[in-house]
Amino acid sequence: MDAEPVFIRSMVNGAAQQDGGAVAFEIVADGDQTFPFACATEDVEKVVSWLIGLGLLAEQTRADQGGEAPPEKTGINATPNPVKRAAAASGQADGGVVIGFDMGLFDLAFNLPQEAAKTLHAALGRAIGG
């Protein structure tokens with residue numbers, strides 16, 4: 001990056017276009033600057049996956065440089081989003097699983113290592129009574 005980045009403080013005023021072809025929102029940056037953005041619906045997956053990938057890269061970079069590891073999590077704190085369908089397939093590593101979610105106009109997929117897949121399997125069994 002050639003220029004100093006503007007740090008995002010929050011995102012506000014989100015809406016879908018009337019035809020569902022795009023979403024629009026404003027990014028509020030440090031200093032209360034507001035920037036309007038729009039994204040074609042089919043590109044939402046790219047933006048979300050790219051940001052997730054950058055977050056994972058930051059975690060790996062921190063670990064590679066001997067940075068302090070984040071505290072051990074005891075639970076997951078995230079906003080649930082409705083899913084239309086889910087699918088699973090063999091993952092990229094031995095015993096791993098790819099979990100895909102149909103979000104309607106876009107999809108998201110996650111590669112779970114074997115231990116995470118086993119934990120999810122057991123949790124799903126408890127959640128649905130199986």
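Where a number appears in this text, it was derived from the coordinates with a stated rule and is not lab data. Computed from a prediction, not measured in an experiment: that's the story for all the values here. A quick note on method: Cβ atoms are made from the backbone with ideal geometry, for glycine too, and the neighbour counts reach across all protein chains shown.
Side notes on the structure shown:
- Charge-dipole axis of the chain as Lys and Arg at +1 and Asp and Glu at -1 on Cβ define it, positive-most pick from Val48, Gly96, Ala109: Gly96
- Three-way shape call for the chain based on the alpha-carbon gyration tensor, with the a/c threshold at 1.5: oblate
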